[in-house]
Amino acid sequence: MCSPERAVEVRFRDPRTFGELRVLPGGVAPVAPDLFDPAVTGVSLQALAARRRVGVKAVLLDQTQGVAGIGSYLADEALHRAGIDPTAPAGELATAAWERILVAARAIAVDSIAAGGVTLEDEGWVDLWGRPGTYAAELQVHARATCAACGTPTSSAVVGGRRARWCRRCQHPRRRR
Ligand SMILES: [Zn+2]
């Protein structure tokens, strides 16, 4: 942060209108450890989710507890790769399942960043130089009518305030580990 005497210009571009910029006295709002922070583990996520009845995706989207940096598409895709239904009660998931979700989310984030991110037709995400990302072509279930892996029509529900998409065949509703 800069001292008040210094002139500062902050530019905030928010094409998808989910963003928020706040200047708070005393520093930034509390945020959970980043997705790539070694403190975030299957054990830490399982402990956070214990006894919670919310859907798994809601825990992944919560930026203030557990892990920061997972948005809607990354949660959908990580849960698909891990074979976990996003609406499954978070408290019922075994540590092994959280570990698999975490490994998947990290791998997908790395690949997506390398591809410039996800630009969907109805959203105007472009990078600072105006270039769209190309990772949308790799999406398996997010924003898709059918699962790219098996062709099953995707399911959809609101979980944690955001639309979740998943494949009932790849992500069995009763799988918890
Ligand atoms: Zn599938």
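Among A157, A75, A105, A148, which is the only one that is among the hydrophobic types (A, V, I, L, M, F, W, C), free of Cβ contacts under 8 Å to residues at least 12 places away in the same chain and either surrounded by fewer than 20 Cβ atoms within 10 Å (Cβ to Cβ) or part of a helix (DSSP H, G or I) (or both)? Write out each step before concluding.
Working: A157 fails: free of Cβ contacts under 8 Å to residues at least 12 places away in the same chain; A75 fails: free of Cβ contacts under 8 Å to residues at least 12 places away in the same chain; A105 fails: free of Cβ contacts under 8 Å to residues at least 12 places away in the same chain.
From the options A157, A75, A105, A148, the qualifying one is A148.
Conditions (1) at pLDDT 95 or above; (2) in contact with a strand residue (DSSP E or B) (Cβ under 6 Å, 6 or more places away or on another chain); (3) within 21 Å of R52 (Cβ to Cβ), marked per residue:
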| residue | (1), (2), (3) |
| --- | --- |
| D76 | yes, yes, yes |
| A82 | yes, no, yes |
| T87 | yes, yes, yes |
| E99 | yes, no, yes |
| G130 | no, no, no |
| T134 | no, no, no |
| E138 | yes, no, no |
| A148 | yes, no, no |
| P153 | yes, yes, no |
Practice task
Please find, among P15, P86, the residue that is surrounded by 15 or more Cβ atoms within 10 Å (Cβ to Cβ) and part of a loop (DSSP other than H, G, I, E, B).
Solution key: P86
Practice task
Examine region 120-132 for a residue that is within 19 Å of H80 (Cα to Cα) and of a type in the set (A, V, I, L, M), and state whether such a residue exists.
Solution key: yes
Handout entry: Test for V110: is it within 18 Å of A49 (Cα to Cα) and either within 17 Å of the chain's Cα centre (by Cα) or assigned to a loop (DSSP other than H, G, I, E, B) (or both)
Key = no
Practice task
Select from region 54-69 the residues that are buried (at least 24 other Cβ atoms within 10 Å of the Cβ) and free of Cβ contacts under 8 Å to residues at least 40 places away in the same chain and list them in ascending order.
Solution key: V67
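Filtering region 136-177 down to residues that are of a type in the set (K, R) and within 16 Å of A82 (Cα to Cα), which residue is nearest to the ligand (Cβ to nearest atom)?
Checked region 136-177; the qualifying residue nearest to the ligand (Cβ to nearest atom) is R169.
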Problem - Of the criteria (1) more than 16 Å from the ligand (Cβ to nearest atom); (2) buried (at least 22 other Cβ atoms within 10 Å of the Cβ); (3) free of Cβ contacts under 8 Å to residues at least 60 places away in the same chain, which one S112 fails - result: (2)
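The values are calculated or read from the model by the stated rules, or taken from the named source; none is laboratory data. Keep in mind that what you see is a predicted model, and the values were worked out from it rather than measured. Using ideal geometry, Cβ is built from the backbone for each residue, glycine included, and neighbour counts are taken over all protein chains shown.
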